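K.L.:
I'd like to ask you about the structure that follows.
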Amino acid sequence: MDVILFWILGVITLGAAGFAMLHPRPAPAATALSLTMAGNGGICLLLGQYLLGMEVLLVLAAGALFLRAFMRGREILHIHTGGKARWSLARVSGVAAAAVFLWLLLPLLSDVERPRLAEGAEAISTTAWLALLSLLTVAITGGFVVRARRAQNGGSGS
Amino acid sequence: MIPLEHVLWLAMLQVSLGLAGLLLRRSGPVVVLAGILMLNGVLLAVAGLAANREGAPLQAPGVVILAHMVLLVLSGAAVAYAFERFRRPLNVDEHDRMKH
């Protein structure tokens with residue numbers, strides 16, 4: 001089961017990495033690479049490497065916050081929504097995924113030095129499955145958002 | 001338990017993709033992103049080797065994590081700078097001299 005989950009995450013990371021390397025514009029490439037990093041964080045957690053996994057996810061979150069807070073993410077990512085940011089299905093699912101991640105990861109962080117035996121494997125497996133479900137949720141809702149914006153912009157694709 | 005071969009194959013594919021991007025793409029930010037992808041492949045290999053250590057599994061050493069974090073942050077800063085500074089497309093092939 002773990003091997004199947006590993007390769008599901010692996011295919012997601014490889015697909016996103018391939019998209020990032022092939023896309024002509026840098027901004028969607030950066031977005032795809034962030035998906036690759038999230039998948040790699042999930043794989044590290046699946047392998048029982050909590051510190052590495054958390055490091056990747058924390059750097060990813062910090063990068064996203066930096067982009068959002070200091071670099072006018074909307075302009076860079078070409079999402080011209082205008083006005084105040086509103087809650088959408090994608091944002092709500094993103095916040096929910098982050099909350100679940102933190103809820104599961106903080107207890108692991110507290111006893112990270114303890115040698116981990118078989119009883120820890122179930123929690124890690126649950127975390128990895130939730131990571132996969134979160135990624136799928138974000139991907140599906142992101143697809144809906146892009147489709148809605150394309151329709152809003154008259155099919156211009158930006 | 002995930003076999004080490006699987007992890008190393010995935011790591012190799014990620015590093016190969018990153019290398020291909022590094023060699024073939026011309027856009028400055030994407031070249032840095034390709035470097036980050038290669039870094040992620042190396043991280044995956046480290047994680048797999050530490051998890052499949054003979055005897056008991058090991059957490060990756062702190063110095064590896066610190067080095068990876070520093071490199072990721074520097075690469076991210078480079079991408080952010082490239083996005084902010086070069087509003088027009090940055091073609092790395094045009095900057096082929098060490099001194100202007």
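K.L.:
Filter the range A:1-50 for residues that are of a type in the set (Gly, Ala, Ser) and open to solvent by 20 Å² or more (accessible area, probe 1.4 Å) and give the result.
P.N.:
Matches in the range A:1-50: A:Gly15, A:Ala30, A:Ser34, A:Ala38.
K.L.:
Ok, one more. Identify all residues within the range B:16-37 that are under 21 Å from B:Leu4 (Cβ atoms) and surrounded by fewer than 20 Cβ atoms within 10 Å (Cβ to Cβ); write none if there are none.
P.N.:
B:Ser16
K.L.:
Quick one: how many residues across the range B:1-15 are at the interface with chain A (Cβ under 10 Å from one of its Cβ atoms), assigned to a helix (DSSP H, G or I) and not hydrophobic (A, V, I, L, M, F, W, C)?
P.N.:
Number satisfying all stated conditions: 2.
K.L.:
Please go through the range B:26-55 and give me each residue that is in contact with a helix residue (DSSP H, G or I) (Cβ under 6 Å, 6 or more places away or on another chain) and not in a helix (DSSP H, G or I), ordered by number.
P.N.:
Across the range B:26-55, the qualifying residues are B:Arg26, B:Ser27, B:Asn52.
K.L.:
For residues that are in a loop (DSSP other than H, G, I, E, B) and at the interface with chain B (Cβ under 7 Å from one of its Cβ atoms), tally how many sit in the range A:1-58.
P.N.:
3
K.L.:
Additional query: One residue is enough: does the range B:8-15 have a residue meeting the conditions open to solvent by 50 Å² or more (accessible area, probe 1.4 Å), at pLDDT 80 or above and either closer than 21 Å to A:Arg25 by Cα or not aliphatic (A, V, I, L, M) (or both)?
P.N.:
Yes; the residues of the range B:8-15 include at least one that is open to solvent by 50 Å² or more (accessible area, probe 1.4 Å), at pLDDT 80 or above and either closer than 21 Å to A:Arg25 by Cα or not aliphatic (A, V, I, L, M) (or both).
K.L.:
Something else now. Look through B:Leu66, B:Leu71, B:Leu19 and report the one residue that is more than 7 Å from chain A (Cβ to nearest Cβ), within 12 Å of the chain's Cα centre (by Cα) and at pLDDT below 80.
P.N.:
Sole residue among the options that is more than 7 Å from chain A (Cβ to nearest Cβ), within 12 Å of the chain's Cα centre (by Cα) and at pLDDT below 80: B:Leu71.
The values are calculated or read from the model by the stated rules, or taken from the named source; none is laboratory data. Source: prediction; values computed, not measured. Note: ideal-geometry Cβ built from the backbone for every residue, glycine included; neighbour counts use all protein chains shown. The area values use the complete protein model at the heavy-atom level, side chains included, leaving out ligands, DNA and RNA. Shrake-Rupley method; radii C 1.70, N 1.55, O 1.52, S 1.80 Å.
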